[in-house]
Amino acid sequence: MSDRLTVLKTYKLYVGGKFPRSESGRVYEVTDSKGKWLANAPQSSRKDARDAVVAARKAFGGWSGATAYNRGQVLYRVAEMLEGRRDQFTREVADAEGLSKSKAAVIVDATIDRWVWYAGWTDKIAQVVGGANPVAGPYFNLSSPEPTGVVTVLAPQESSFLGLVSVLAPVIATGNTAIVIASERSPLPALSLAEVLATSDVPGGVVNVLSGRTAEIAAPLAAHQDVNAIDLAGADDVLAKELEIAAADNLKRVLRPQPVDDWSATPGTDRLTAFLETKTVWHPTGSLGASGSAY
């Protein structure tokens, strides 16, 4: 029996629930930590970035309007699918980060747990950051969190899977839609995560994944008038400064790079609240009854 021909995988972008090639036709070589060629990844262009914004904006209404309980169910489904592809992600994380299979497996397990953790927060965060405010008058005064809108996420460069999920999951758990720029050096776990999202219950456009040169893709997104916020986790100091200036033009909400020593540490709720706005409404309680109480 002759040796089988190796079938090499062609990675693609993930935009609007579909897997297009970069409109530029460009790809770049992805290697492991020892310089061994792993695959070619698509090198996104400015046009790809603009297409991702259109897809994310189109999906925002449906996703933000879904119940928090429903979003939690969808995110939990993603965790189920990740569990089924645990071996694949272990191999990819080991190659990308130069880890042994056992250490990569620990990271993949932590990543799946992280996704479940954020799935559980979808219907609880409103109770933590919202509530009834005390006012002097016959009114209810209620504050409730609402998603900011379309959020660009620069994935961490050094943590290709756990770091990626740690910055992406809180964005969509709170009802935003996301454009993710994968780690430039290690984009394969992000591109494979896109395949999981596509086969889960996540509506197309809620998450859009671009790969390529981070600075090239991030620049038009930081300046884009229809992007509401940007997470600079994967930017170095120089790039973060440039993007922050570009983002000021339409008053984007900007999350500056946060030093993270250990991505496996409990993340808290900071990233959940980073891309939320607070809506406060007043509502009359009605006239006073004979007992003097309002109703």
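The values are calculated or read from the model by the stated rules, or taken from the named source; none is laboratory data. From a predicted model like this one, the values you see are computed outputs, not experimental measurements. When we count neighbours, we look across all protein chains shown, and the Cβ atoms used for this are built from the backbone with ideal geometry, even at glycine. Quick note on the areas: whole protein, heavy atoms, side chains included, nothing else; ligands and nucleic acids left out. Shrake-Rupley method; radii C 1.70, N 1.55, O 1.52, S 1.80 Å.
Suppose we keep only residues that are β-branched (Val, Ile, Thr) and closer than 20 Å to Phe89 by Cβ within region 5-50. Which one would you say is modelled with the lowest pLDDT? Ranking the candidates gives Val7 first.
Would you pick out the residues in region 180-216 that are under 15 Å from Val150 (Cβ atoms) and open to solvent by 10 Å² or more (accessible area, probe 1.4 Å)?
If we filter region 180-216 for residues that are under 15 Å from Val150 (Cβ atoms), which is where we start, we get 180-181, 203-210.
Matches in region 180-216: Pro203, Gly204.
Only residues that are part of a loop (DSSP other than H, G, I, E, B) and in contact with an Asp or Glu (Cβ under 8 Å, 6 or more places away or on another chain): list them for region 159-196, please. Within region 159-196, Ser159, Ser160, Phe161, Gly175, Ser183, Ser186 meet the criteria.
Taking (1) part of a helix (DSSP H, G or I); (2) open to solvent by less than 10 Å² (accessible area, probe 1.4 Å) in turn, Val151 satisfies each apart from (1).
Any residue that is modelled with pLDDT of 95 or more, among the aliphatic types (A, V, I, L, M) and under 13 Å from Gly175 (Cα atoms) - is there at least one of those in region 70-82? Yes: region 70-82 contains one or more residues that are modelled with pLDDT of 95 or more, among the aliphatic types (A, V, I, L, M) and under 13 Å from Gly175 (Cα atoms). Is it fair to say Val254 is under 16 Å from the mean Cα position of the chain (by Cα), open to solvent by 40 Å² or more (accessible area, probe 1.4 Å) and either of a type in the set (Lys, Arg) or modelled with pLDDT of 90 or more (or both)? Yes: the conditions hold for Val254. Would you mind telling me which numbered condition in (1) open to solvent by 30 Å² or more (accessible area, probe 1.4 Å); (2) closer than 20 Å to Leu255 by Cβ; (3) out of contact with any strand residue (DSSP E or B) (no Cβ under 7 Å at 6 or more places or on another chain) Glu146 fails? All conditions are met except number (3).
With the structure loaded, tell me whether Lys279 is buried (at least 19 other Cβ atoms within 10 Å of the Cβ), basic (Lys, Arg) and in contact with a strand residue (DSSP E or B) (Cβ under 6 Å, 6 or more places away or on another chain) or whether it fails that test. Judged against the criteria, Lys279 is not a match. If you check Val167 against the conditions, is it touching a Phe, Trp or Tyr at 6+ places or on another chain (Cβ under 9 Å) and of a type outside the set (Lys, Arg)? Considered against the rule, which asks whether it is touching a Phe, Trp or Tyr at 6+ places or on another chain (Cβ under 9 Å) and of a type outside the set (Lys, Arg), Val167 comes out as no.
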